[in-house]
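First comes the structure, then the notes that go with it.
Laboratory data are not the source of any read-out in this text; all were calculated from the coordinates shown. Note that this is a predicted model, so its numbers are computed, not measured. Cβ sites come from the backbone with ideal geometry, for glycine too, and all protein chains shown count toward neighbours.
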Amino acid sequence: MKVGRRNVTWRNRIVRAGKWCLLAVGLCLISEPAFAYIDPNSSSILFQLLAPLATAVAAAFVFLRNWIRSWFQALIPRREATGKQRGETDI
């Protein structure tokens with residue numbers, strides 16, 4: 001019985017995937033225990049360093065945004081709110 005090329009390629013893919021799965025399970029089974037301890041409070045030191053830094057960056061961003069906005073507003077004069085259309089004059 002002749003097997004089509006399409007069936008052979010799918011079979012090869014399934015066999016290859018099975019080999020990779022066996023390799024992954026094998027690597028997990030031969031791992032050695034790591035005698036390590038991470039203190040739960042060690043993350044608080046990181047938070048104490050990053051929280052003020054994030055606050056300072058946010059404050060600087062707001063300050064610079066307002067400063068740049070006021071600088072551009074000083075360059076561009078505002079029209080007076082008289083309710084007149086453009087081009088109208090008083091007679």
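Restricting to segment 27-53, what's the tally of residues that are more than 31 Å from the chain's Cα centre (by Cα) and part of a helix (DSSP H, G or I)?
Adding up the residues that qualify gives 2.
Give me the pairs: first residue in segment 11-26 and part of a helix (DSSP H, G or I), second residue loosely packed, with under 10 Cβ neighbours inside 10 Å, beta-carbon distance under 9 Å, and six or more apart or on different chains, which are they?
Partner pairs satisfying both residue conditions: ARG11/VAL3.
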